[in-house]
Amino acid sequence: MASNHGSSRGALPTGSGLIVSFGEMLIDFVPTVSGVSLAEAPGFLKAPGGAPANVAIAVSRLGGRAAFVGKLGEDEFGRMLEGIVKENGVSAAGIRFDQGARTALAFVTLRADGEREFMFYRNPSADMLLKPEELDLDLIRSAKIFHYGSISLIVEPCRSAHMKAMEEAKKAGVLLSYDPNLRLPLWPSANEAREQIKSIWNKADIIKVSDDELKFLTQRDKVDDETAMSLWHDGLKLLLVTLGENGCRYYTKNFRGSVDPFKVKAVDTTGAGDSFVGALLCKIVDDLSVLQDEKKLREILTFANACGAITTTKKGAIPALPSEADVAALIKASP
């Protein structure tokens, strides 16, 4: 299929509705050298991360309004992360601090192809200890979109906080966006991960999974329309399957299709999916009718693909998240 990125030059404006992102924020320690094991790495750079925080910052960097809700350790890393949230124009009103637990850490191995392996330090970390009564419910109810992952479902009390936040958002008429963001090493078992990730499946209005997550959740080897549609539920407005360097597929009640990728030299895939989600959410937040308009949705997904692609060209997630100008330049330069 020939690439046609030209149609997205009049990309829809970034919305002003609030996008609240819920879950974990942590420090990734990334080796200074790619393609070596953790043991072989000569040194590490600290990179702020955590998928829900990345999404909030991705939204803000594109000119949207975002808030992050989660818990950090009352420690230097926790205060540093709060600072990064604020510096990036994201509301920190929903952030809480735990006196007893540390901010989570993850050591990330960058393979030569830019893919990652993780080793986590969370026993327990502050993000796991967010309690339902610590939620800023007014902030959550004031959102147009409430976005979350599945890491916050792994243990109590954070699981209860997640369920409460989702329930209050739904009651207030907020659109629910779900990116399971599977991190298998954090779950007690693969079956438990599958079960818990699916336990809240039918509540979401928008779901984004990667090709690998699709295979994991369906226990099938094929990434095709039939496999994707086995994850469809009646309340869903949009199901997205991201295909890494091969773009993405989209499914709605009335239409489905695929959107071509942008070719870039990938250095580090960290945050690419979060960048994609942030781009999508900030372009639909003020006008959800675009989910029924295939032409507009394709423009937005082209824009989101460009955001994801740019994010892979630099190390770390947050430093690599693009601005509107970065995206326009890539789209313009692509054939």
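The values are calculated or read from the model by the stated rules, or taken from the named source; none is laboratory data. Keep in mind it's a predicted model, so treat the numbers as computed, not measured. Here the Cβ is made from the backbone with ideal geometry for all residues, glycine too, and neighbour counts use every protein chain on show. Only protein heavy atoms, including side chains, enter the accessible area calculation; ligands, DNA and RNA are left aside. Shrake-Rupley method; radii C 1.70, N 1.55, O 1.52, S 1.80 Å.
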### Query
Could you give the nm distance between label points at residue 219 and residue 184, where each point is 7 Å from its Cα heading toward the beta carbon?
1.5
### Task
Work out the FRET efficiency for residue 164 and residue 332 from their Cβ-Cβ distance, taking R0 = 30 Å, and round it to the nearest 0.05.
0.10
## Note on the structure
Applying the gyration tensor rule to the Cα atoms of the range 167-247 (axes a ≥ b ≥ c; rounded if a/c under 1.5, else prolate if a/b exceeds b/c, else oblate), the class is oblate
### Query
What do you get for Rg/Rh over the chain if you use C-alpha atoms and the Kirkwood form of Rh?
0.93
### Task
Return an integer: the convex hull volume of the alpha-carbon atoms of the range 262-335, in Å³ per residue.
82
### Query
For residue 293, what charge total do you get from the other residues with a beta carbon under 15 Å from its beta carbon, if Lys and Arg give +1 and Asp and Glu give -1?
+3
### Summary
Rounded to the nearest whole number, the per residue volume of the convex hull around the C-alpha atoms of the range 70-124 in Å³ is 98
#### Entry: Average accessible area per residue (Å²) across the chain - probe 1.4 Å, nucleic acids and ligands excluded
41
## Note on the structure
P(r) over all Cα-Cα pairs of the range 1-125, 5 Å bins from 0 to the longest distance, whole percent per bin, short to long, reads 2, 11, 17, 17, 14, 14, 12, 7, 4, 2, 0, 0
## Note on the structure
The simple spin-label model distance between residue 118 and residue 246, using points 7 Å out along Cα→Cβ, in nm, is 2.4
#### Entry: Viscosity 0.692 mPa s, 37 °C: Kirkwood-radius Stokes-Einstein D of the range 97-244 over Cα pairs, µm²/s
197
### Query
About the Cα centre of the chain, what is the dipole size in debye to 20, counting +1 per Lys and Arg Cβ and -1 per Asp and Glu Cβ, all else neutral?
540
## Note on the structure
So the FRET efficiency between residue 232 and residue 86, C-beta based with R0 = 35 Å and rounded to 0.05, is 0.35
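Can you quote the Å³ per residue value for the convex hull of the Cα atoms in the range 201-322, rounded to an integer? Intermediate results must be reported in sequence, preceding the final value.
On the way: hull volume 12.8 nm³, N = 122.
Enclosed volume per residue, from the Cα hull, is 105 Å³.
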### Query
What full-extension length gain, to one decimal in nm, is calculated for residue 33 and residue 46 as 0.36 nm per residue of separation minus the Cα-Cα distance?
3.4 nm
## Note on the structure
Among 171/253; 208/237; 71/198; 265/332; 71/215, the pairs whose Cα-Cα distance exceeds 21 Å are 171/253; 71/198; 71/215
### Query
In µm²/s, what is D for the range 236-287 at 4 °C and 1.567 mPa s, where D = kT/(6 pi eta Rh) by Stokes-Einstein and Rh is the Kirkwood radius from Cα pairs?
105
### Query
Using alpha-carbon positions, what is the distance between the centroids of the range 20-97 and the range 133-173, in Å?
19
## Note on the structure
If R0 = 30 Å, then residue 131 and residue 212, at their Cβ-Cβ distance, give a FRET efficiency to the nearest 0.05 of 0.40
### Message
With unit charges on the beta carbons (Lys and Arg positive, Asp and Glu negative) and the dipole taken about the Cα centre of the chain, which residue among 21, 331, 157 sits farthest to the positive side?
### Response
331
### Task
First check a/c for the range 100-173, with a ≥ b ≥ c the square roots of the eigenvalues of its C-alpha gyration tensor; if it is under 1.5, answer rounded, and if not, answer prolate when a/b is larger than b/c or oblate otherwise.
oblate
### Query
Taking every DSSP beta bridge that has both residues in the chain, what percent is antiparallel when rounded to the nearest 5?
40
### Message
Using a 1.4 Å probe on the protein heavy atoms, what percent of the accessible area of the chain belongs to carbon and sulfur?
### Response
50
### Whole-Hz couplings from phi, Karplus 6.51/-1.76/1.60, listed for the range 227-240; x for Gly and Pro
5, 4, 5, 5, 9, 5, 10, 4, x, 6, 9, 7, 10, 10
